[in-house]
Amino acid sequence: MSEPIRRTVVKFYRAMGTGTQSSATQGSVTGRPKTVAQVRAIYGVAKSKGIDSDTLHELVCGLTRKSSIAALTYTEAERVIQRLKGRSFVPLRTLQYRRQKAGVKQLVQQTQLDLIAQLAAQRQWTNYSLTAFCLKVCKRSRPLTTDEANKVIEGLKVMNRRDGLWAA
């Protein structure tokens, strides 16, 4: 193999993260190493599910045929997390971004409704006053999506801050 071609091949393997390996060891490519966050997720989910250390290591060995969590690769760690969680391992931020891109509206959370009630109570508003304000802001008697709830919350915060009722 000529020198320029060899350099190109080496660059390719380095970019892929596999290194240069002979064809005999090509089948045992370990792949990308696991991350610290994955290890924390494995132990955290196992603890929340009440799985002890021995059972966790048996699960890892059964899924990946590796005896320790330290020996896992990135994809193997993802498989373990998926098995432990019962669903795919997707961060909340990524999930929310995907929902937004797909046009899925997020329903209002109870914590947001509680905050609206608390902010309205600081103004000593009745249910009628709060309903009238919601009709003005989001064209509904009660917010149904997080966007609508955020508009109501921010409006109440601004009014409370202006009147010296709320400080943050």
The pairs in LYS105/LYS136; LYS49/LYS101; LYS34/LYS85; LYS136/LYS157; LYS47/LYS105 lying past 27 Å Cα-Cα in this model are LYS49/LYS101; LYS47/LYS105
Hey, fewest Cβ within 10 Å first, where do CYS138, CYS61 land in order? CYS61, CYS138
What fraction of the Cα pairs in the range 36-89, stated in percent, has a spacing above 14 angstrom? 44
quick shape note, the range 110-162: Cα extents on principal axes in Å, largest first -> 24, 20, 19
Proximal aspartates and glutamates relative to LYS151, as straight alpha-carbon distance under 18 Å, when same-chain residues fewer than 8 apart are discounted: ASP114
Residue-count net charge about GLN112 - beta-carbon cut-off 13 Å; Lys, Arg +1, Asp, Glu -1: -1
At R0 = 25 Å, how high is the FRET efficiency between SER53 and THR94 if r is their beta carbon distance? Nearest 0.05 is fine. 0.25
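Since every read-out is calculated from the coordinates, none of them should be taken as a lab result. What you see is a predicted model, and the numbers here were worked out from it, not measured in a lab. Glycine also receives a Cβ, built like all others from the backbone with ideal geometry; neighbour counts cover every protein chain displayed.
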